[in-house]
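The values are calculated or read from the model by the stated rules, or taken from the named source; none is laboratory data. No experiment lies behind these values; they were computed from the predicted model shown. In this analysis, Cβ positions are derived from the backbone assuming ideal geometry, glycine residues included, and neighbour counts consider all displayed protein chains.
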Amino acid sequence: MTFALVVVSVINVQILTATDPRSPAAEPGMERALLWITMLGCICIFTGISIWLFFPASVTRPIKELLDAIQDIAAQKYDRRLGLYGTKEFDDVSRNFNTMAEQLAAYHASSLSELMAANENMEILINSITEPIIALDASYRILFINDVALSVLSISRHEAISRPARQLALDNDLLRRLIRGLEQSKDNVDKKVYDNAPLKIYANDKESYFQVKYISIDHMKVTDNNAVSSPDAHTNHMIMLKNVTEFKERDSAKTTFISTISHELKTPLAAIKMSLQLLEDSRIGKLNKEQSELAEDIKQNSDRLLNITSELLNMTQVESGKLQLKPRITKPIELIDYAIKANRVQADKFNISIEVDYPEDNRISKLFVDSEKIAWVLTNLLSNAIRYSPDHARVIVGARQQDETHVEMYVRDFGKGIDPRYHESIFEHYFRVPGTKVQGSGLGLSISKDFVEAHGGTLTVDSQIGSGSVFTVRIRV
Ligand code: ADP
């Protein structure tokens, strides 16, 4: 603008002086024109400087204030208000901004209270569960814990919430055991791990048993509503305890009952066998053919009853934790010989030939085992091999040095074999493969497994339908 006024004035002077700048008539006009030009120039310069100095501040100040206010809102300071007034535009901006801030504040307050209400509901729900529950985040900080869990752990809510469980576990034996169990369960591929041995806990002035269940929950990063596994996915953990004291008490009552009954049955059974022996003694009187057959029948059945009672007694020994091993140095061949002798009559009865597979040079390590128990296992395996084979079949009992530290003893038969889907179940108490016609209790293999495992060994089966079975006892020397 200054530049335009100066240009206009200069043109004016040019016009005025165009006639004859030196003529005396032009002089007063020239002076007036110069004065006007100077005055106008000064006004223009002053106006230009004022605009240059004050215009930016009047525009940038409101913009800066608006920017600050937006930043405050972004930082969730919803009580921020804008006070730009003066022009209609600024009034509108301020009014709209303040309305937006008020609505955001109201929305934030409502979602916060909703969240708090949801949290409260969840706490009520978890506290209403009568079994102890503890939830931990990825770094084992306690997220929530219900009242029963607090009581079982003997800690207060204030002590527990948001505290690192590992730190609390330093003074709390039970929590330490649970954290250790959780860490072991994490190594397991399956996310849900059930610790089979119940945990004995002294809670509410009495001894209780709890079955512990560890659950790890993977958090997925959510992208476009699709849950996807991501490198920064983290895992929360749940520890749930189920009170099994009642079942445990009933189970031990059952074990005691079976044990007592088995003991009580043994004496009359021994008396029956004794009487049978006397009956068969020709000095007392000769039995006719029919009587002999009846006597033989009674003998066989009392043998079976004795067998079952001894199996039940063995089982109760294992279940009550009263299994006592009396280990001594034993050659594997001694155990095999014992098993063959014990099964000789039965094998002859069904014309089964028993073969022995043993290294000729006898180069096989001696074992340090409870020979009665391991001999019982081999006897039972051999008895099964005979019972589940057709007449005139072959059965092989053998032993081999598996490596420097392990010896394997096995019983192979060529009988009907076992469907692979039952390979695990046959080691459970009372389990019998469906359709098995041969009489039995379903206890022999489960007791055998317990006996072998009590020695730190393993009992495994390899069998296919139609091609027979091999049961292998593997024991460390
Ligand atoms: P029991 O023989 O008294 O029934 P076990 O525990 O010894 O009890 O065996 C469990 C089941 O496994 C048997 O009922 C039978 O079905 C199956 N079994 C065991 N050994 C053999 C074998 N050598 N051949 C085929 N089936 C077998």
Query raised in the report: Can you tell which of Gln402, Gln346 is at pLDDT below 95 and within 16 Å of the ligand (Cβ to nearest atom)?
Result: Gln346
Query raised in the report: Right, Ser162: more than 30 Å from Asp218 (Cβ to Cβ) and not basic (Lys, Arg) or not?
Result: no
Query raised in the report: Here is a list of conditions, (1) away from the ligand (no atom under 11 Å from the Cβ); (2) touching a residue at least 24 places away in the same chain (Cβ under 8 Å); (3) of a type in the set (Lys, Arg); (4) not in a strand (DSSP E or B), and Arg421 meets all of them except one; can you say which number that is?
Result: (2)
Report task. Report whether or not Thr235 is assigned by TED's automatic domain parsing to the domain that holds Leu182 and touching a Ser or Thr at 6+ places or on another chain (Cβ under 9 Å). Result -> yes
Query raised in the report: Within segment 395-429, how many residues are touching a helix residue (DSSP H, G or I) at 6+ places or on another chain (Cβ under 8 Å) and among the aromatic types (Phe, Trp, Tyr)?
Result: 1
Query raised in the report: With respect to the numbered conditions (1) assigned to a loop (DSSP other than H, G, I, E, B); (2) near the ligand (Cβ under 8 Å from one of its atoms); (3) without any contact (Cβ under 8 Å) to a residue 40 or more places away in the chain, which one is the sole condition not fulfilled by Ile426?
Result: (1)
Query - Tally, over segment 363-373, of residues that are away from the ligand (no atom under 16 Å from the Cβ) and in a helix (DSSP H, G or I) - result: 2
Query raised in the report: Across segment 100-146, what is the total count of residues that are closer than 22 Å to Gln211 by Cβ and surrounded by 16 or more Cβ atoms within 10 Å (Cβ to Cβ)?
Result: 12
Query raised in the report: What number goes with the only condition from (1) part of a helix (DSSP H, G or I); (2) over 43 Å from the mean Cα position of the chain (by Cα); (3) surrounded by fewer than 17 Cβ atoms within 10 Å (Cβ to Cβ) that Glu360 does not pass?
Result: (1)
Query raised in the report: Picking from Arg400, Arg421, Arg394, which residue would you name as being assigned by TED's automatic domain parsing to the domain that holds Arg344, under 21 Å from Asp361 (Cα atoms) and surrounded by fewer than 19 Cβ atoms within 10 Å (Cβ to Cβ)?
Result: Arg400
Report summary line: Only one of (1) within 11 Å of the ligand (Cβ to nearest atom); (2) out of contact with any Asp or Glu (no Cβ under 7 Å at 6 or more places or on another chain); (3) within 23 Å of Gln317 (Cβ to Cβ) does not apply to Gly444, and that is (2)
**Report entry** Residue among Thr436, Thr460 that is surrounded by fewer than 21 Cβ atoms within 10 Å (Cβ to Cβ), among the polar types (S, T, N, Q) and under 26 Å from Ala399 (Cβ atoms)
**Finding:** Thr460
Report task. Output yes when any residue across segment 382-393 is assigned to a loop (DSSP other than H, G, I, E, B), more than 13 Å from the ligand (Cβ to nearest atom) and touching a residue at least 24 places away in the same chain (Cβ under 8 Å), and no when none is. Result -> yes
Report summary line: Taking segment 279-302 and keeping residues more than 28 Å from Asn343 (Cβ to Cβ) and among the acidic types (Asp, Glu) leaves Glu290
Report summary line: Within segment 401-418, residues closer than 19 Å to Val369 by Cα and assigned to a loop (DSSP other than H, G, I, E, B) come out as Glu404, Thr405
Query raised in the report: What are the pairs, 6+ residues apart or on separate chains, where a residue within segment 100-128 that is farther than 28 Å from Asp147 by Cα has its Cβ under 7 Å from a residue that is aliphatic (A, V, I, L, M)?
Result: Ala101/Ile73; Leu104/Ile73
Query raised in the report: What pairs can you find where one residue is in segment 447-465 and in the same structural domain as Val369 (by TED's automatic domain parsing), the other is buried (at least 20 other Cβ atoms within 10 Å of the Cβ) and assigned to a loop (DSSP other than H, G, I, E, B), and their Cβ atoms are less than 6 Å apart, with a gap of 6+ or different chains?
Result: Ser463/Ile418
Report summary line: Gly468: passes all of (1) more than 22 Å from Leu313 (Cα to Cα); (2) more than 16 Å from the ligand (Cβ to nearest atom); (3) in contact with a Lys or Arg (Cβ under 9 Å, 6 or more places away or on another chain) but (2)
**Report entry** Conditions (1) closer than 30 Å to Ile261 by Cβ; (2) in contact with a Phe, Trp or Tyr (Cβ under 8 Å, 6 or more places away or on another chain); (3) of a type in the set (A, V, I, L, M); number of the one not met by Ile308
**Finding:** (2)
